[in-house]
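S.K.: Attaching a single structure in structure tokens format; questions to follow.
FYI, it's all coordinate maths here, none of it is from the lab. Please read these numbers as outputs of a predicted model, since none were measured by experiment. Note that we place each Cβ from the backbone using ideal geometry, even for glycine, and neighbour counts take in every protein chain shown.
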Amino acid sequence: MKTLTVSKRLHIISVTGVVFSIALSAFSLIAVSLAHQGTRDLARMNKALQKIIDAGTAREAVRENLLTLLSGDLTEDEPVRRENIKNTLEETLRHVTVAAQVPYARPETRDGFARLTPALEDFAGKTRETMALAATHLSKARANYDVFLDSHQRLQSLMRPLAPLIEAELVDVERGVFARGRGLRALTYTFCFVSLVGLLALSAWAGRRVTRDLTRAMRVVQQLSTVVLPQKLEVARHNAKETMSHSNGVSAAAEQASRSNQLVAAGVQELATSVEDVAHNAHEAARVATEAVRIAEATTRTVTRLGESSGDIGQIIQVIDRIAEQTNLLALNATIEAARAGEAGKGFGVVAGEVKDLAKETAKATEEIRHKVETIQGDTTSAVKAIEAIGDIIKKINTYQGNIAGAMEEQSAITKEIGVSAAETARSSSQIAQSITGVAQMARNTFAQTEDTQVTQKEIQDHIDQLQRFIG
């Protein structure tokens, strides 16, 4: 219970009062319900008593009307008399039935109604039997009247003690109602007294707790006001002075850092521009290298075709060489034939000699051409290999240029990001400088507030004195 606050204690008192009120209302409702039940029981008993009395009156009316009917003096009013007998008989039966339906507490009352039921049925049967005989044989009906009278007397003897029994039941119900009323009234008074005492005790307990807690809080606040608060104020004043001093220095450093970051951002921006230029040049170099590769490949194809043409020339030279050999053989044959012809074949021999010399010159020239063609073919093969090697080198250069261009693009993107980050850093440094300036201003305000708190301390002490006088 020591941890309960004042609001919780007051809440407990309120809830307890509400619970007591609800319980009192419940007792009141129970009392009203029981009183209403007792009233209904009394009304039923009074009604049953009245019904028994009315049943006795109707029974006597049945006897009197039946006796008048059997006397034979009312010939003109006989139907009316019969109708009266029928109606009074039905009233007797109805009154007894209503009275018998009431739940009686005493067993003798219940036994009396149990014995009354067959006697009532016998009385009704004898009445109807006598009325039926009176309509046809009046003498027989008069003779049967004694039987009816016995049934009437038996019913009368059973109905006579029921009225006192019902009256006794009525008295019992009245006593029960009064007893329940007294018990509920005493219980209600007791509950009200207990509730009042409980609420007073709970209120007194809560008041003592609240007073004790307020006294303890007053001592704590007084200690804070006289001991702790002055020490804290002195420490806060000292910290505020140091904070102002450090904040001024940090503010200057932050401003210098902001200027440096701005210079760095400008340098990074220039670097980004340079990197973009280098990347552009690298792209151009890659494009030129690609063009060189294309030209080298075209040159390779041309030189290759030249080598193929040289091969074709070599084949033609072989044909010419074979022709020169055949011509030489023909010249040799012509010389032999000229020698055989003698003087007549001298001219032909001279021509054959010229042809032979020409064939030798042709063979010699053909041999020189063959050597030249072979030399051209060898040089062409070397040129093709050299051009292919140059093409491979240019391809590698193109690949390297592409890699360099990609790297320069990445470097350009990174440089741009660095530029953005540097600009953000410059802005952040500027904001930090502004924040530190605000901190310095807050430190100055704190120092001023510590001066004002000394004045507030005196006011707190005055309020403590007033609270102490209020508690007493």
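S.K.: Lysine pairs, Cα distance under 30 Å, 8 or more residues apart or cross-chain: how many in the stretch 6-160?
M.R.: Summing the qualifying lysine pairs gives 7.
S.K.: Would you please give the FRET efficiency between THR273 and GLU410, computed as 1/(1 + (r/R0)^6) with r the Cβ-Cβ distance and R0 = 22 Å, to the nearest 0.05?
M.R.: 0.85
S.K.: While we're here: How far apart, in nm, are the 7 Å Cα→Cβ label points at LYS396 and ARG182?
M.R.: Spacing of the two 7 Å Cα→Cβ label points: 13.0 nm.
S.K.: Could I have the simple spin-label model distance between LEU329 and ASN87, label points 7 Å from Cα toward Cβ, reported in nm to one decimal?
M.R.: 17.8
S.K.: Which FRET efficiency, nearest 0.05, do VAL80 and HIS36 yield, Cβ-Cβ r, R0 45 Å?
M.R.: 0.50
S.K.: If you project the alpha carbons of the stretch 6-160 onto the principal axes, what extent comes out on each, in Å, largest first?
M.R.: 101, 33, 17
S.K.: For every other residue with a beta carbon closer than 12 angstrom to the beta carbon of ALA163, add +1 if it is Lys or Arg and -1 if Asp or Glu, then tell me the sum.
M.R.: It works out to a net charge of -1.
S.K.: Work out the charge dipole of the stretch 6-160 with +1 on the Cβ of Lys and Arg and -1 on the Cβ of Asp and Glu about the Cα centre, then indicate which of LEU133, LEU89, THR109 is farthest towards its positive end.
M.R.: Comparing the listed Cα positions along the dipole, THR109 ranks first.
S.K.: While we're on this one: Using R₀ = 22 Å, calculate the FRET efficiency as 1/(1 + (r/R₀)^6) where r is the Cβ-Cβ separation of GLU64 and THR97; round to 0.05.
M.R.: 0.45
S.K.: Sticking with this one: How much length, in nm to one decimal, is gained on full extension between LYS346 and TYR189, taken as 0.36 nm per residue of separation minus their Cα-Cα distance?
M.R.: 38.1 nm
S.K.: Give me the number: length gained by fully extending GLN231 to THR136, i.e. 0.36 nm times residue separation minus the C-alpha to C-alpha distance, one decimal in nm.
M.R.: Once the chain is fully extended between GLN231 and THR136, it gains 21.2 nm.
S.K.: To the nearest 20 debye, what is the magnitude of the charge dipole of the stretch 6-160 about its Cα centre, counting +1 on the Cβ of each Lys and Arg and -1 on the Cβ of each Asp and Glu?
M.R.: 1040
S.K.: What nm distance separates the two modelled labels at ARG427 and GLN441, each placed 7 Å from Cα along Cα→Cβ?
M.R.: About 2.1 nm separates the two model spin labels.
S.K.: Right, another one. Listed highest first by mean packing, meaning other Cβ atoms within 10 Å per residue, what order do 325-335, 185-195, 55-65 come in?
M.R.: Answer by packing, highest mean first, reads 55-65, 325-335, 185-195.
S.K.: Can you tell me the length gained on complete extension of the stretch VAL197 to ALA365, counting 0.36 nm per residue apart and subtracting the Cα distance?
M.R.: 45.2 nm
S.K.: Taking the alpha-carbon distance from LYS356 and a cut-off under 16 Å, which lysines remain once sequence neighbours fewer than 8 residues away in the same chain are dropped?
M.R.: Partners found: LYS346, LYS364.
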